[in-house]
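Below is one structure; the comments refer to it alone.
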Amino acid sequence: MEYRLTGLIAATYTPLCEDGSLHLDLVPAMVDFLERSGVTGIYICGSTGEGMSLSGDERRAVAEAYVQVAKGRLKTIVQVGHNSLAEAAQLAGHARWIGADAISATAPSYFKVGSIEVLADCMAQVASGAPDLPFYYYNIPSLTGVALDMVSFLPVAAARIPNLVGMKYTAPTVFEFQACLELEGGRFDCVWGCDEMLLSALAAGARGAIGSTYNTAAPLYRRLMEAFERGDLVEARRLQSLSIQMVRAINRCPFHPAMKQILTMLGLDCGPCRLPLARVDSAQGEQLRRDLDALGFFDWSRPAGGNAISNE
Ligand code: MN9
């Protein structure tokens with residue numbers, strides 16, 4: 001199977017109420033905002049969307065809400081990884097049933113996966129839940145603890161998984177990412193996952209990227225990609241530097257809860273994160289707003305037609 005994701009794909013947040021329950025009424029506004037920001041797709045229930053902290057029923061409800069609204073407007077990829085591979089395969093089947101464009105899955109991470117063969121068998125079981133949908137392995141060693149050689153993994157996995165099209169690569173090892181892109185004449189669609197290193201990935205040949213900060217700063221990254229394409233590396237580096245400073249400011253808080261606060265600042269109140277992620281206290285929130293303001297964030301993050309609250 002051949003499939004390509006290009007441009008910026010937002011790893012979407014799962015809107016929650018103050019009490020931690022789902023707040024799916026906000027999904028249409030989130031999708032409108034992302035579409036105006038210029039992203040090409042959404043990656044649902046990944047690390048950013050706290051997929052691992054949701055129950056199976058909640059994951060189905062979130063995927064359904066997003067796919068229903070975004071279908072035909074943005075590419076929809078549902079992350080279905082789970083420590084229970086049977087449950088992951090069922091989530092994959094559900095994603096297909098609701099009309100998602102593609103599925104993706106992390107490695108199981110409680111019992112550690114020790115070899116590329118075992119990982120390929122695990123992913124084959126998951127991907128078989130939706131055999132006619134493109135499947136992306138989600139490589140994120142920092143969270144799963146599964147740090148196997150992806151250059152060896154892809155061909156072994158492709159032999160066992162007919163719908164494997166590529167992977168979401170969230171690790172800073174650009175040389176391995178480039179080698180994956182170059183495998184078998186560029187057969188695998190390897191999508192970059194470290195937003196603060198997008199420029200390095202473009203230099204290595206990336207065409208698409210999935211990440212959390214594309215929710216709030218897609219216009220900046222679009223300018224970065226355009227600068228790279230016209231060969232203006234000075235400008236591309238300046239824009240990447242702004243992204244690095246932004247990520248550093250967000251990292252002074254618990255990262256994803258702070259990202260949700262930024263969405264709230266932009267007019268999309270998607271609530272707190274769930275435990276085990278911490279809350280951002282009001283002093284941290286104020287500092288974050290000041291840090292972002294000092295970077296000019298509220299100017300360069302604004303999509304065409306204003307942010308979610310105002311159309312100035
Ligand atoms: O995979 C995200 N990774 C995690 C995507 O959330 C662990 C990234 O988009 C990062 O949040 C981003 C900031 O460090 O690069």
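The values are calculated or read from the model by the stated rules, or taken from the named source; none is laboratory data. The structure displayed is predicted, hence computed values, not measured ones. Every residue, glycine among them, receives a Cβ derived from its backbone with ideal geometry; neighbour counts consider all protein chains shown. These accessible areas exclude ligands, DNA and RNA; they are computed on the full protein's heavy atoms, side chains included. Shrake-Rupley method; radii C 1.70, N 1.55, O 1.52, S 1.80 Å.
Between residue 117 and residue 241, the C-beta separation translates, for a Förster distance of 45 Å, into a calculated FRET efficiency of about 0.60.
Residue-wise HN-Hα couplings along segment 106-113, as the Karplus relation 6.51 cos²θ - 1.76 cosθ + 1.60 with θ = phi - 60° gives them from phi, are 7, 6, x, 9, 7, 7, 6, 7 Hz; Gly and Pro carry x. Amide H contacts of residue 266: none lie under 5 Å away among residues 5 or more positions distant or on a separate chain (H built 1.01 Å from N in the peptide plane; Pro and chain starts excluded). Annotation: per residue accessible area for segment 7-216 equals 34 Å², rounded to a whole number [probe 1.4 Å, protein chains only]. Computed on protein heavy atoms with a 1.4 Å probe, the accessible areas place 290, 222 in the order 290, 222, largest first.
Annotation: amide H of residue 191 within the under-5 Å range of 167, 168, 169, sequence separation 5 or more or interchain, hydrogens built in the peptide plane. The length gained on full extension between residue 71 and residue 234, counted as 0.36 nm times the residue separation minus their Cα-Cα distance, comes to 55.0 nm. Using the Cβ-Cβ distance between residue 147 and residue 61 with R0 set to 25 Å, the FRET efficiency works out to roughly 0.15.
A helix-only calculation puts the chain at -14000 deg cm²/dmol for mean residue ellipticity at 222 nm, using -39500 (n - 2.57) for each DSSP H run of at least four residues, averaged over all residues. Extension gain, residue 83 to residue 173, is 29.9 nm, computed as 0.36 nm per intervening residue step minus the present C-alpha separation. Put simply, the amide H of residue 7, placed in the peptide plane, has neighbours under 5 Å in 208, 209, leaving out anything fewer than 5 places away on its chain.
For the chain, what is the relative contact order in percent, using Cα pairs closer than 8 Å and at least 6 residues apart in sequence? Once divided by the residue count of the chain, the mean separation gives 19 percent. The share of accessible area on the chain that comes from carbon and sulfur is 53 percent, using a 1.4 angstrom probe. Where both bridge residues fall in segment 7-216, DSSP classifies roughly 5% of the beta bridges as antiparallel.
Relative contact order, percent, of segment 173-234 when contacts are C-alpha pairs under 8 Å separated by at least 6 residues? Spell out each step's value before the answer.
Details: 49 pairs, mean separation 17.7, N = 62.
About 29 percent, as a whole number.
Full extension of the chain between residue 299 and residue 251 gives 15.2 nm of extra length, using 0.36 nm per residue less the Cα-Cα distance.
Accessible surface ranking for 225, 52, 259, 1.4 angstrom probe, highest first: 52, 225, 259.
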